[in-house]
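The structure under discussion appears below in the form of structure tokens.
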Amino acid sequence: MTIPMLLPRPHQRFLKGLLRIPFRHHHFILHSSSYLRSGIPCAQPLNFLGLHCTNWMVPSNGLKRKLCVQTTLKDHTEGLSDKEQRFVDKLYTGLTQGQRACLAEAITLVESTHNRKKELAQVLLQKVLIYHREQEQLNKGKPLAFRVGLSGPPGAGKSTFIEYFGKMLTERGHKLSVLAVDPSSCTSGGSLLGDKTRMTELSRDRNAYIRPSPTRGTLGGVTRTTNEAILLCEGGGYDIILIETVGVGQSEFAVADMVDMFVLLLPPAGGDELQGIKRGIIEMADLVAITKSDGDLIVPARRIQAEYVSALKLLRKRSEVWRPKVIRISARSGEGITEMWGKMKEFQDLMLASGELAAKRRKQQKVWMWNLIQESVLEHFRTHPTVQEQIPLLEKKVLSGALSPGLAADFLLKAFKSRDQ
């Protein structure tokens, strides 16, 4: 008789029998369908996956470690064939052992739009998430990785900076993962995915992993699966995650909800004062780095630095413990790169000590959930049979001017809602 076999449907006599034995405090996760009768409180809902969480006392002489049973994961895996189960187990084992090939294959699986592969990806992600939580507990509750978002206008020197910065980090014993998001063409739907060609030295480093991903038209230039890719990289043992975005625009707002620190890279000759840079993006930046501060560009770099220092003083304070800094760097000469890493570490330490980093990550999980809900509902709406039937006719009327876009949208929404009535 084993605990995992009993917990999905806890037996009343078994649990009451445990109460007569000396206990050590343990934590259980029960399925939502678990039914506990008189005298034993039922678990409280944990999340939308059907996991319930409660505290039980377990015999100290029987089980020496924390027992955690995720029956939802079991329910997911029951629908898999033996071949699929072996495939998921192979990816999970290789990923947790730090094999880059398995990490690459896992991210490819997560990025897939095939329905069955999406299901396999969710099983894999759930297994990695459990492993991730266990590793965080062993790390005394501290995050396993430092997530940094990098952005800036085209030509700011992001790829050059990442290569120099990444080599410095790997030489210091860190494992670095770079998730570079490339814009997809609106015409052909393809992407260049050329970031690896611009980071030749770093791409050969065994302690670095570079993954270019196409946006596939996702608004903001951050892929739908960037969050999942971050989780997989952390599960693979990478302690610094860099997310490089497309450029200055909506992508910064999306990436800010995924990372611990947002760094803005700006070239020294980017226009007069703050021209062309949105105020909202400056407000999100935790660190502004003026790149290419060498040679003839040192003087304009100092001028831009002074302008941004003045501008940041006028912005609303976002953190109680950190004020955004403006520094000058040169990836060609290496000037300022070590200082920049020192500022980033200072930010991480202050945010961890104050508890703001943990609160930020909790908020990001909520934003992530709602983003996925919005995307899933929109996809469900588009694939609904009644809606699909009416779309061609209504689009034709909108194009001819016989119907306003707002009224056409109302008709489609009514058709979608009427399916349940």
Checklist entry - If we keep just the residues of the stretch 121-153 that are among the small types (Gly, Ala, Ser) and surrounded by 18 or more Cβ atoms within 10 Å (Cβ to Cβ), which is modelled with the lowest pLDDT? => result Gly152
Next on the checklist: Return the residues of the stretch 277-296 that are modelled with pLDDT under 90 and under 24 Å from Asp257 (Cα atoms); say none if nothing qualifies.
Outcome noted: Ile277, Lys278, Arg279, Gly280, Ile281, Ile282, Glu283, Met284, Ala285
Checklist entry - For residues in the stretch 226-246 being part of a loop (DSSP other than H, G, I, E, B) and either assigned by the TED database to the domain that holds Leu109 or open to solvent by 10 Å² or more (accessible area, probe 1.4 Å) (or both), which is modelled with the lowest pLDDT? => result Val246
Checklist entry - Taking Arg198, is it open to solvent by 70 Å² or more (accessible area, probe 1.4 Å), under 24 Å from Leu264 (Cα atoms), in the same structural domain as Leu232 (by the TED database) and modelled with pLDDT of 85 or more? => result no
Checklist outcome for this item: Pairing a residue in the stretch 392-421 that is assigned by the TED database to the domain that holds Glu379 and closer than 18 Å to Leu378 by Cβ with any residue that is among the charged types (D, E, K, R) and open to solvent by 80 Å² or more (accessible area, probe 1.4 Å), where Cβ atoms lie under 8 Å and the two sit 6 or more apart in sequence or on different chains, gives Ala408/Glu395; Ala408/Lys397
Checklist outcome for this item: Of the residues in the stretch 304-336, those that are assigned to a helix (DSSP H, G or I) and either under 17 Å from Ile162 (Cβ atoms) or free of Cβ contacts under 8 Å to residues at least 24 places away in the same chain (or both) come to Gln305, Ala306, Val309, Ser310, Lys313
Checklist entry - Considering the stretch 308-334 alone, what residues qualify as being open to solvent by less than 100 Å² (accessible area, probe 1.4 Å) and farther than 18 Å from Ile290 by Cβ? => result Ser319, Val321, Trp322
Checklist outcome for this item: Residues of the stretch 288-303 being within 21 Å of Met344 (Cα to Cα) and not basic (Lys, Arg), in sequence order, are Val288, Ala289, Ile290, Thr291, Ser293, Ala301
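The values are calculated or read from the model by the stated rules, or taken from the named source; none is laboratory data. Keep in mind the model is a prediction, meaning the values are calculated, not measured. Please note: Cβ atoms are built from the backbone with ideal geometry, for glycine as well, and neighbour counts cover all protein chains shown. All accessible areas refer to the heavy atoms of the entire protein, side chains included, with ligands and DNA or RNA removed. Shrake-Rupley method; radii C 1.70, N 1.55, O 1.52, S 1.80 Å.
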